[in-house]
């Protein structure tokens, strides 16, 4: 039990699941935001916290942005009137999101087919 006797402590497996599907899968959250419009790095971090309810480390966000750029899933965009680098999803990134959705949908269906 936790300090509040009426609230049972969550199993560690549940904590690991949440961490795996949030912080360790940060790329999906970033691409989801970029499906709407280009964003700059710090804005992405703020939007993840606001929209998805967790706050990734700043350095983690930029490391993932670097990898997504290197892998061709996003691209940098600069405008003359704004000194910031903006990031936009590429066609390859959109395909990756479709494939990730299909994989997760199939997995959830198979794993939770007997769960209410």
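Read-outs: derived from the displayed coordinates by stated rules, not from any lab. Note that the structure is a prediction, hence the values are computed from the model and not measured. Glycine also receives a Cβ, built like all others from the backbone with ideal geometry; neighbour counts cover every protein chain displayed.
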Legend entry - Approximate spin-label separation residue 108-residue 13, in nm, with each point projected 7 Å along Cα-to-Cβ: 2.0
Legend entry - For 33, 26, 104, order by how many other beta-carbon atoms lie within 10 Å, fewest first: 104, 33, 26
Inset, instruction - Quick one: order 47, 68 by neighbouring beta-carbon count within 10 Å, fewest to most. - result: 47, 68
Inset, instruction - Would you mind calculating the relative contact order of region 12-111 from Cα pairs under 8 angstrom and at least 6 residues apart, reporting the percent as a whole number? - result: 27
Inset, instruction - Can you tell me how much longer the chain between residue 63 and residue 99 gets when fully stretched, taken as 0.36 nm per residue apart minus their C-alpha distance, in nm with one decimal? - result: 10.7 nm
Legend entry - Reported label for calculated volume of the Cα convex hull per residue in Å³ given (1) 143; (2) 102; (3) 114: (1)
Inset, instruction - For helix 58-70, report the angle its Cα long axis makes with the longest principal axis of the Cα atoms of the chain; keep it between 0 and 90° and round to the nearest 10°. - result: 60
